[in-house]
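Have a look at the structure below, then the notes.
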Amino acid sequence: MAPASFHHITNTVCVMDASGSLGFSLVERLLQRGYTVHAAVQNHDCELQFGGLSCDEKKLKILYADPFDYKSIIDALRGCCGVFYNFEPPQDQSSYDEFMTEVEIRAAHNVLEACAQTETIDKVVFTSSATAVIWRDDRKSITADFDERHWSDINFCRKFKLWHALSKTLAEKAAWALAMDRGVNMVSVNAGLVMSPHLSIKNPYLKGAAEMYEDGVFVTVGLNFLVDAQICIYEDVSSYGRYLCFNHVVNHHEDAVKLASMLTPSAPSNPQSFDQDMRIIQQRISSKKLNKLMVDFESRPQLEN
């Protein structure tokens, strides 16, 4: 039987964009849990990556959906009761700069507007970032831990050219404004640095990594943990607002060296003093809200097929 906390009209959901590591992993996990999935991709070439999934062909529908083509979004959402939205930069504009902000805001607006126009949509899980929480001019003077109540300061992000943080902050704010105005049931997931197989030193999240480390807010999240968190948030009717999502804090030298070695395997390692090796940075960010929600997630039964 379905989880007691699960209450949706159908078990058909849309994952948009399904072409990246997070999207693909969500599709795979949702199929395993008994959902019917509309996998919305920006590029028709992405369809090939779903060939290895073992599932009833009726359970997986691959659709083309351009976040700037409103009709294609509406078509992808047709018949769905839930949406897992994750922005993937267009292939011809893959690097984050000041222009990406407008691109991401437009995409978020189009998807939320389409959700508002689709009567069957019951809930939207919107993927944002911890970078939409932690970047503020007063971050060192804040006495409490950073949590879902905090927002990155837009002017601070512009001043220091933190384009990823700026894009995520403004896109999430635009989504929340539209969701509240149009009565869309939306929950956002503010993920740490996603530890996916394709993670590289070019990931825009990493700008300001040294400052995040020193401030005790450099957090990462395993791909499988993020996927489970999103499904838990979707299935639990008590979920609301924003959820910081991470399962590791990079706050001591060994962690930092390990991550740096993974990102730049060819770079020589620099010897550090004993004091630096032993120093532990105090964690100043909390995901208690999500941890409380996920306590019983693994023990929940899957959907009936």
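The values are calculated or read from the model by the stated rules, or taken from the named source; none is laboratory data. Computed from a predicted model, the values in this text were never measured in an experiment. For neighbour counting, all protein chains shown are included, and Cβ atoms are generated from backbone atoms with ideal geometry for every residue, glycine included. Each accessible area value is taken on the protein alone, full model and side chains, heavy atoms only, with ligands, DNA and RNA left out. Shrake-Rupley method; radii C 1.70, N 1.55, O 1.52, S 1.80 Å.
What the table shows:
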quantity	calculated
Count - residues of the range 166-184 that are within 29 Å of Ser95 (Cβ to Cβ), touching a residue at least 40 places away in the same chain (Cβ under 8 Å) and hydrophobic (A, V, I, L, M, F, W, C)	7
Residues (open to solvent by 70 Å² or more (accessible area, probe 1.4 Å) and either closer than 26 Å to Ser95 by Cα or in contact with a strand residue (DSSP E or B) (Cβ under 7 Å, 6 or more places away or on another chain) (or both)) located in the range 146-163	Asn155, Arg158, Lys159, Phe160, Lys161
Spans of helices (runs of 4 or more DSSP H) in the range 152-254 with at least 2 residues small (Gly, Ala, Ser)	163-182, 209-215
Some residue of the range 133-146 being among the aromatic types (Phe, Trp, Tyr), within 18 Å of Lys288 (Cβ to Cβ) and under 19 Å from the mean Cα position of the chain (by Cα)	yes
Matching residues, the range 219-245, being touching a Leu at 6+ places or on another chain (Cβ under 8 Å) and hydrophobic (A, V, I, L, M, F, W, C)	Val219, Val221, Leu223, Leu226, Val227, Ala229, Ile231, Cys232, Ile233, Leu244, Cys245
The lone exception for Arg300 - which of (1) modelled with pLDDT of 65 or more; (2) within 23 Å of the chain's Cα centre (by Cα) it fails	(1)
Residue under evaluation Phe84, criteria (1) touching a residue at least 40 places away in the same chain (Cβ under 8 Å); (2) under 26 Å from Ile154 (Cα atoms); (3) out of contact with any Cys (no Cβ under 8 Å at 6 or more places or on another chain), criterion not met	(3)
The range 95-131, subset open to solvent by 30 Å² or more (accessible area, probe 1.4 Å) and charged (D, E, K, R), residue farthest from Asp147 (Cα to Cα)	Glu119
Boolean, Val83 is within 26 Å of Asp147 (Cα to Cα), at pLDDT 95 or above and in contact with a Lys or Arg (Cβ under 9 Å, 6 or more places away or on another chain)	yes
Count of the range 214-237 residues which are open to solvent by 20 Å² or more (accessible area, probe 1.4 Å) and farther than 25 Å from Val27 by Cβ	1
Unmet criterion (only one of (1) out of contact with any helix residue (DSSP H, G or I) (no Cβ under 7 Å at 6 or more places or on another chain); (2) farther than 26 Å from Asn185 by Cα; (3) open to solvent by 20 Å² or more (accessible area, probe 1.4 Å)) for Lys207	(1)
Sole residue being surrounded by fewer than 19 Cβ atoms within 10 Å (Cβ to Cβ), at pLDDT 95 or above and more than 19 Å from the chain's Cα centre (by Cα), chosen from Asp75, Asp69	Asp75
Odd one out for Gly52, checked against (1) part of a helix (DSSP H, G or I); (2) open to solvent by 40 Å² or more (accessible area, probe 1.4 Å); (3) of a type in the set (Gly, Ala, Ser)	(1)
